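One structure is given here, and the rest of the page talks about it.
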Amino acid sequence: MAASRALSSVFLRGKSRLHTYALTAVGTSTSTSTSFQRAPPSTTSSHSSFVVHTDTLASDGGTDTAPQPVELLLAALVGCEQATAHFVSRHMRVDKKRVKIDTIKFDYHAVRDERGAASLPLHKEPPAPARLLAVSGTASVRLDEPTDGDDAERAVAELGKLVHARCPVAQTLLSAGVSLDVRWCIAK
């Protein structure tokens, strides 16, 4: 907590607007239960909280009763991209008209080399990184108001570039060396 306050004070001297996150978690065997606490929007509101569970496959010692942590990481990526896309689209224009998104269908696939996390002996450097190596797929965007084909395709491609540049989860993955090969296109 003190580190968080110290980091906040460094950034607050400039023009930063920091958003902080808080959670508590309890783990048993390969499962966790994580609670996220959000600060109330005003002092008269009550706190809201969410609980997320994780587990691993039975073949990895888990009970397979909840998503694996890496699956939740991918869910965080698409959730963040969805929110970021709606922010970006509110400020985009095509033929002087605002770009309005109806839905985005994400079809993503990720790959990691299990030797990074599970190689033995433990004191020896793993033969591969323990992180995701790549995320690929498509984000198919259905616009609220149809736009001419080429203009719409260009707008959605630009939307994808802006989303990846502004999405905190995408930027975290890219900074970790994960390859993001996602094609943003008009939904057919």
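Cα atoms only, segment 126-188: Rg and Dmax in Å?
14.5, 51
Please report, in debye to the nearest 20, how large the charge dipole of the chain is about its Cα centre when each Lys and Arg carries +1 at its beta carbon and each Asp and Glu carries -1 there.
Charge dipole of the chain: 960 debye, to the nearest 20.
Under the 0.36 nm per residue contour assumption, what length would be gained going from the current alpha-carbon distance of R115 and Q82 to full extension?
8.7 nm
Binned at 10 Å from 0, what are the whole-percent values of the Cα-Cα distance distribution for segment 48-188, short to long?
Pairs per bin, as whole percents: 11, 34, 29, 17, 8, 2, 0.
Using a 7 Å offset from Cα along Cα-Cβ at S175, what residues in segment 15-37 end up with backbone N under 19 Å from the label point?
Correct set: 15-23.
What percent antiparallel are the DSSP beta bridges of the chain, to the nearest 5?
75
Considering the dipole of segment 82-141 built from charges on the beta carbon (Lys and Arg +1, Asp and Glu -1) around the Cα centre, which of Q82, T138, G116 is farthest to its positive end?
The listed residue farthest towards the positive side: Q82.
What is the distance in Å between the Cα centres of segment 77-93 and segment 110-187?
15
Taking the Cα atoms of segment 67-144, report the difference between the largest and smallest coordinate on each principal axis, in whole Å and largest first.
Per principal axis, max minus min of the Cα coordinates gives 60, 21, 16 Å.
Values in this text are rule-based calculations from the coordinates and carry no lab data. Note that the structure is a prediction, hence the values are computed from the model and not measured. Don't worry about glycine lacking a Cβ; one is built from the backbone with ideal geometry, like all the others, and counts go over all protein chains shown.
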